[in-house]
There are 2 protein chains.
Amino acid sequence: MSYAILAASLRSAMQRRDQEAIERLIAEMQPADLAEFVQHEHTDTVLSLLQHLPLDQRAVAFGYLSVALQEELAATLTDRKLGELLQHMNADERADLFKLLDEDRQQALLHTMPRAEQENLRKLSSYEEGTAGAIMTSDYVAIPAYYDVTRALATVRDTGTHAETVYQLYCIDTDGRLLGTVSLRELILADPDSQVAELMTEEVVFVTADTAQEEVARLVARYDLLALPVINGGERLVGIVTYDDAMDVAEEEATEDMHKGMSIGKIEGGLRSASLYELYRKRVVWLVLLVFANIFSGAGIAYFEETIEAYIALVFFLPLLVDSGGNAGSQAATLMVRGMATGDVRSRDWAKLLGREVTVAIGLGLTMALAVSVVGIFRAGTEIAMVVAMSMVAIVIIGSLIGMILPFLLQRFGVDPATASAPLVTSIADASGVLIYFAIATAVLGLPV
Amino acid sequence: MSYAILAASLRSAMQRRDQEAIERLIAEMQPADLAEFVQHEHTDTVLSLLQHLPLDQRAVAFGYLSVALQEELAATLTDRKLGELLQHMNADERADLFKLLDEDRQQALLHTMPRAEQENLRKLSSYEEGTAGAIMTSDYVAIPAYYDVTRALATVRDTGTHAETVYQLYCIDTDGRLLGTVSLRELILADPDSQVAELMTEEVVFVTADTAQEEVARLVARYDLLALPVINGGERLVGIVTYDDAMDVAEEEATEDMHKGMSIGKIEGGLRSASLYELYRKRVVWLVLLVFANIFSGAGIAYFEETIEAYIALVFFLPLLVDSGGNAGSQAATLMVRGMATGDVRSRDWAKLLGREVTVAIGLGLTMALAVSVVGIFRAGTEIAMVVAMSMVAIVIIGSLIGMILPFLLQRFGVDPATASAPLVTSIADASGVLIYFAIATAVLGLPV
């Protein structure tokens, strides 16, 4: 059954207070679907619905809930209940939830846990947000490289129940240093007496705990990894990032880049759950900055006041020309920023791409000049149409160059290239566009004496 | 060693013609890295480098090459060599390459293959681009549900060598209908005598072969799947889409949406390899359309010619006001479009989101009006500053509403909501902005008699 049907049935069963149907439907639902279903319910309802699941599945469903809801629910649970739930969650999701609690609550919960788990939880929750450490899990299977296949498979059976993946196994030496990886497939197909060290792949892609999470996502996608091992300074294996968490990061980063491309700050937890003030705050900063940036355009126009007074028809084309420069520039910026984010464009391609962009921009400018001439001649006569067409070519080329160069410049100065947003590029292109347009107009049409 | 170091070493070994070093470095490189390295080499060099790899690894590396390069290389290979390579490629990548060849070549290659493989290849390459069928592979392990665990594991060992994943196994009935899934982990941990039918999960997420690829990627991410089964009309299992292919689709779709958000058409094979004409063509269409759309802004300005002649200072604020409406509108559109793409925003949230957007837009408009008043009073006096501030509030609200409503409207009419691009929203917001601005100005300032 699809989510929509299950959700509708569950809602009706809840209205009928049909406990049996509720239980059956919840058992049938995927944890991700159940999490979506309860997302906007009251905490009491959420808890009573989750209660129908066995503890391990409840822990999985809990991990799918939004951060805000997890925090709310945690506040209503007793230390014992929350501790139970935490112990059944994946190590990485447990650490994420733990980080949301206040100091006192954290201490109380740690006391309910075995010593080894306390250590592990403290460590996992200590990594900085946005790094490999913060998204990795300690639930992996490590196998000493001197084991034979039979013993390795026994280790998988013994320790694999709580591991997030048993399909990629990590071969370590006696100090816990990462030596290589072996897949469960290789173990199963291998001679039971052969040594893990003979089977393992030594060319391992890995990261350190402080690697940026977008780099982690990029590596997992580039090398089609099931999981990426994370090591600490001493080359000791400390965790793995699984592909599903890498996918979430990739989606999150793409969303952030798209928002940044429109000068919107990072919105935590999605559009629907964000508060009105958060939405306002994340949009207003740049919008106001751009108001001040536009003083330059205004000053440019003021400088050419006499030309404008003499040829009011020039104003008809002003929005069109500034928009066109902004559009072409935003296109160029978006192509570069996304290319840099996916690894398709690298800094060393800069000069080559500049040459290509100039060529393309000339083509775009000429075509748009042709289009605007048609409009221009009808509305304002040949002379002004010519001025507008010439300005169009110049403005589109300048706009495109601004859009192309800005992301590289920003990266050079250590700023995220995605800051080269459409609004920013448009504002810069505008100021130059206004100057170009009226300068050409004054030169061609002359000033009335 | 990192890619940069390996690449530099390989390049220097090639210059020294040190065959031994070349061979060693190629063996050390990840297939994805090797593919990137050879991407811009001549076909002869590419072939001689790939020659150093054993056939199966060569086939993997080949699958990582760009479509254009694969096509070029295929043209220089003999039927026998190409046939050999095809047989060692994954079923999905093989089908992708096969589709690039012309009819005659396809026929010649099919003749070099066993009958069953011919059928399979023909079928896999027949699905429409952009569907689950076109990205799925037939290299999966299917297990009759009446098998016991021992026999199931034997099947994995026998048929698993060529499968893309052996970690998720598909349980079928005697007609090949999908009954459920079981993971290799479950099989390994289970009692060897128990039946697969008892172990399998029957709540399976699946798609049909004609499901859109972005939906496939969305499901894989939502349910954290390792692979998503694909069935045909008769519920028969016909293939699986693995998580790594789903990740590629998600990245591709995000790139497409970002480009679309700037009115750039779909660019095949990345920015660096696209031809200049392709780049021009994918950008020019909308830019020219928008030139014509801007006739409305021009007409609006012409209508208020007298007001402008009387108060030239109004023109100073024109680019600022139209930009602000466009910026706020583009932000709203981007938030909606991305929210709809990730599933965070659904059509039924429409009314609620509209209310939120109006509230946020009023806040944004008032703040920006305040900012522009400061600038306005200094530049043009209190009266004009007041007109500009009032217009700003109205323009930002209208722009935001256009940006928010347009994606929903487009979806309603079966058009991709991502078509509500920044340039399109800006153009519509511009025309309304011009009318609002000069109408307010005429009303407040009056016309000189």
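Can you tell me which residue in region B:260-281 is farthest from A:Gly343 (Cα to Cα), limited to those that are within 9 Å of chain A (Cβ to nearest Cβ) and touching a residue at least 12 places away in the same chain (Cβ under 8 Å)? By that ranking, first place goes to B:Ser263. Residues in region B:200-214 that are out of contact with any Ser or Thr (no Cβ under 6 Å at 6 or more places or on another chain) and without any contact (Cβ under 8 Å) to a residue 40 or more places away in the chain: B:Glu202, B:Glu203, B:Val205, B:Phe206. Remark: pairs (first residue in region B:220-236, within 17 Å of B:Ile143 (Cβ to Cβ); second residue of a type in the set (Lys, Arg) and open to solvent by 20 Å² or more (accessible area, probe 1.4 Å); Cβ separation under 9 Å; 6+ apart in sequence or on different chains) = B:Ile231/B:Arg177; B:Glu235/B:Arg177; B:Arg236/B:Arg177. Being open to solvent by less than 20 Å² (accessible area, probe 1.4 Å), of a type in the set (A, V, I, L, M) and in a helix (DSSP H, G or I) is the filter here, so list the residues in region B:51-68 that pass it. Correct list: B:Ala59, B:Ala61. Within region A:235-275, the set of residues being among the polar types (S, T, N, Q) and on the phi > 0 side of the Ramachandran plot comprises A:Ser263 only. The set of residues from region A:317-352 being more than 7 Å from every other protein chain (Cβ to nearest Cβ) and either of a type in the set (Ser, Thr, Tyr) or open to solvent by less than 10 Å² (accessible area, probe 1.4 Å) (or both) comprises A:Leu321, A:Gly325, A:Gly326, A:Gly329, A:Ala332, A:Ala333, A:Met336, A:Ser347. Out of A:Leu314, A:Leu279, one residue alone is in contact with a helix residue (DSSP H, G or I) (Cβ under 7 Å, 6 or more places away or on another chain), open to solvent by less than 70 Å² (accessible area, probe 1.4 Å) and farther than 30 Å from A:Met386 by Cα. It is A:Leu279. Scoring B:Ala429 on the criteria (1) open to solvent by less than 50 Å² (accessible area, probe 1.4 Å); (2) closer than 12 Å to B:Ala328 by Cα; (3) at pLDDT 90 or above leaves a single failure, condition (3). Among the numbered conditions (1) of a type outside the set (S, T, N, Q); (2) under 21 Å from B:Phe292 (Cα atoms); (3) modelled with pLDDT of 90 or more, the only one that B:Val387 does not meet is (2). In region A:287-305, of all residues being facing chain B (nearest Cβ under 8 Å), within 23 Å of A:Met258 (Cβ to Cβ) and in contact (Cβ under 8 Å) with a residue 24 or more places away in the chain, the one that is nearest to the chain's Cα centre (by Cα) corresponds to A:Leu287. Looking across region A:399-426, the residues that are open to solvent by less than 20 Å² (accessible area, probe 1.4 Å) and of a type in the set (A, V, I, L, M, F, W, C) come down to A:Met404, A:Phe408, A:Ala418, A:Ala420, A:Ala422, A:Val425. Per the listing A:Asp33, A:Asp44, A:Asp18, the residue uniquely at pLDDT 85 or above and within 23 Å of A:Leu271 (Cβ to Cβ) is A:Asp33. Could we say that B:Gly376 is on the phi > 0 side of the Ramachandran plot and either touching a residue at least 40 places away in the same chain (Cβ under 8 Å) or away from chain A (no Cβ under 13 Å) (or both) here? The answer is no for B:Gly376. The single condition among (1) in contact with a Gly (Cβ under 6 Å, 6 or more places away or on another chain); (2) assigned to a helix (DSSP H, G or I) that B:Ser297 does not meet is (1). Filtering A:Gly365, A:Gly403 for residues that are touching a residue at least 24 places away in the same chain (Cβ under 8 Å), within 22 Å of A:Glu253 (Cβ to Cβ) and within 13 Å of another protein chain (Cβ to nearest Cβ) leaves a single hit, A:Gly403.
Determine, yes or no, whether B:Leu153 is outside the structural domain of B:Asp244 (by TED's automatic domain parsing) and either buried (at least 20 other Cβ atoms within 10 Å of the Cβ) or modelled with pLDDT under 90 (or both). No.
Filtered by the rule that a residue be open to solvent by 20 Å² or more (accessible area, probe 1.4 Å) and facing chain A (nearest Cβ under 7 Å), region B:353-362 gives B:Arg356, B:Thr359.
Hey, among the residues in region B:3-50 that are farther than 24 Å from B:Ser273 by Cα and polar (S, T, N, Q), which one's surrounded by the fewest Cβ atoms within 10 Å (Cβ to Cβ)? Among them, the one singled out is B:Gln15. The test for being aliphatic (A, V, I, L, M) and over 30 Å from B:Asp257 (Cα atoms) holds for B:Ala145.
The values are calculated or read from the model by the stated rules, or taken from the named source; none is laboratory data. As the structure is a computational prediction, the values presented were derived from the model and not from experiment. Counting neighbours? That spans all protein chains shown, and the Cβs are built from the backbone with ideal geometry, glycine included. Calculation scope for accessible area: heavy atoms of the full protein, side chains included, ligands and nucleic acids excluded. Shrake-Rupley method; radii C 1.70, N 1.55, O 1.52, S 1.80 Å.
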